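Colleague: Supplied in structure tokens, the structure appears directly below.
The values are calculated or read from the model by the stated rules, or taken from the named source; none is laboratory data. Note that the structure is a prediction, hence the values are computed from the model and not measured. Every residue, glycine as well, gets a Cβ built from its backbone with ideal geometry; the counts of neighbours run over all protein chains shown.
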């Protein structure tokens with residue numbers, strides 16, 4: 001279907017006293033120049049943009065967070081806004097379908113952002129992608145001649161994509177539990193990182209970080225660090241046979257020097273100081289708690 005469609009763009013302009021959501025423009029583009037870059041912080045035009053990647057790769061940057069836009073991905077942004085999209089140096093082309101809508105879609109766009117973020121992966125085939133190409137074909141064939149035809153199509157599309165995202169978000173929330181379980185079971189691997197956790201959970205790193213913190217009150221990277229330190233405390237408290245290097249390796253750190261820095265940053269003292277404090281506490285407990293227990297036994301005998 002894509003091969004049979006020309007690369008073209010169509011714009012719409014209607015005069016109406018009604019503030020209805022409408023489609024402002026739609027187009028199918030093939031970009032192979034690295035001069036392609038839109039900085040939305042400086043743009044004067046106003047609309048909401050949905051850009052769906054068909055082939056190649058693009059990049060969306062929002063607040064210094066870079067999102068690769070791969071085939072099947074779509075980003076949804078407000079223009080002007082704190083974002084930028086461009087053809088990255090490592091990509092030789094980017095083919096995409098874009099749709100521009102009036103600002104009346106903002107409440108739905110914000111709902112999507114709160115639930116899943118600015119980037120959505122659309123399953124292929126997807127009813128949403130089919131609608132996007134249908135809108136493009138209707139525009140090419142001049143089938144959206146009136147304001148109401150345009151508004152009806154635009155509103156239907158936004159309601160459908162919002163419903164799709166909310167359903168997707170519900171399914172992916174359970175993946176956050178999978179991510180936590182994966183961390184719990186693999187914290188001792190030195191190479192464990194957010195990319196691995198996100199890939200294992202079939203989530204984007206952006207969505208993983210956002211939803212993990214919302215559900216558990218802590219970012220996944222910080223959770224991993226605190227879990228490792230918690231396990232270190234257990235080992236320091238229960239055994240004096242392990243060296244600091246042994247414990248570092250057992251909880252996922254490559255050397256005792258880095259382990260010591262992380263431990264002190266979290267606990268305020270070094271691992272060795274923690275072990276000595278724990279040993280002193282055990283000694284006090286032996287001196288004061290054990291005699292009471294023995295005394296109780298002796299009283300029972302009398």
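Colleague: Specify which of the listed residues (167, 162) is in the same structural domain as residue 108 (by TED's automatic domain parsing), at pLDDT below 90 and more than 25 Å from residue 247 (Cβ to Cβ).
Modeller: After ruling out the rest, the residue left standing is 167.
Colleague: Residue 42: touching a residue at least 24 places away in the same chain (Cβ under 8 Å) and farther than 18 Å from residue 131 by Cα, yes or no?
Modeller: Details: touching a residue at least 24 places away in the same chain (Cβ under 8 Å): yes; farther than 18 Å from residue 131 by Cα: yes.
In short, yes.
Residue by residue, here is whether (1) closer than 16 Å to residue 275 by Cβ; (2) at pLDDT 95 or above; (3) outside any loop (DSSP other than H, G, I, E, B) holds:
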position: 190; (1), (2), (3): no, no, no
position: 199; (1), (2), (3): no, no, yes
position: 207; (1), (2), (3): no, no, yes
position: 210; (1), (2), (3): no, no, yes
position: 213; (1), (2), (3): no, no, yes
position: 222; (1), (2), (3): no, no, yes
position: 232; (1), (2), (3): yes, no, yes
position: 237; (1), (2), (3): yes, no, yes
position: 241; (1), (2), (3): yes, no, no
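Colleague: Being under 25 Å from residue 203 (Cβ atoms), touching a residue at least 12 places away in the same chain (Cβ under 8 Å) and either in contact with a helix residue (DSSP H, G or I) (Cβ under 7 Å, 6 or more places away or on another chain) or not in a loop (DSSP other than H, G, I, E, B) (or both) is the filter here, so list the residues in segment 102-125 that pass it.
Modeller: Here is the first cut: in segment 102-125, the residues under 25 Å from residue 203 (Cβ atoms) are 108-125.
Checking which are touching a residue at least 12 places away in the same chain (Cβ under 8 Å) leaves us with 108-109, 111-113, 115-124.
If the condition is that a residue be under 25 Å from residue 203 (Cβ atoms), touching a residue at least 12 places away in the same chain (Cβ under 8 Å) and either in contact with a helix residue (DSSP H, G or I) (Cβ under 7 Å, 6 or more places away or on another chain) or not in a loop (DSSP other than H, G, I, E, B) (or both), then 108, 109, 111, 112, 113, 115, 116, 117, 119, 120, 121, 122 are the ones that fit.
Colleague: Also, quick follow-up: Could you please find all residues in segment 195-224 being buried (at least 17 other Cβ atoms within 10 Å of the Cβ), within 15 Å of the chain's Cα centre (by Cα) and closer than 16 Å to residue 252 by Cα?
Modeller: The answer is 197, 220.
Colleague: Something else: Across segment 243-273, what is the total count of residues that are crowded, with 16+ Cβ neighbours inside 10 Å, over 33 Å from the mean Cα position of the chain (by Cα) and outside any helix (DSSP H, G or I)?
Modeller: Count: 0.
Colleague: Can you name the residue in segment 88-101 that is out of contact with any strand residue (DSSP E or B) (no Cβ under 6 Å at 6 or more places or on another chain) and in contact (Cβ under 8 Å) with a residue 40 or more places away in the chain and, of all such residues, is surrounded by the most Cβ atoms within 10 Å (Cβ to Cβ)? Steps first, answer last, please.
Modeller: Looking only at segment 88-101, we keep the residues that are out of contact with any strand residue (DSSP E or B) (no Cβ under 6 Å at 6 or more places or on another chain), and these are 89-90, 92.
Retained after the next criterion (residues that are in contact (Cβ under 8 Å) with a residue 40 or more places away in the chain): 89, 92.
Values: 89: 8, 92: 11.
Once the filter is applied, the top-ranked residue is 92.
Colleague: Right, here's the next one. For segment 174-191: of the residues being within 17 Å of the chain's Cα centre (by Cα) and surrounded by 14 or more Cβ atoms within 10 Å (Cβ to Cβ), which is nearest to residue 254 (Cα to Cα)? Working first, answer last.
Modeller: Within segment 174-191, the subset within 17 Å of the chain's Cα centre (by Cα) is 174-180, 182-183.
Those left that are additionally surrounded by 14 or more Cβ atoms within 10 Å (Cβ to Cβ): 175-176, 178-180, 182-183.
On the way: 175: 29, 176: 27, 178: 26, 179: 23, 180: 22, 182: 20, 183: 17 Å.
Taking the candidates together, the pick is 183.
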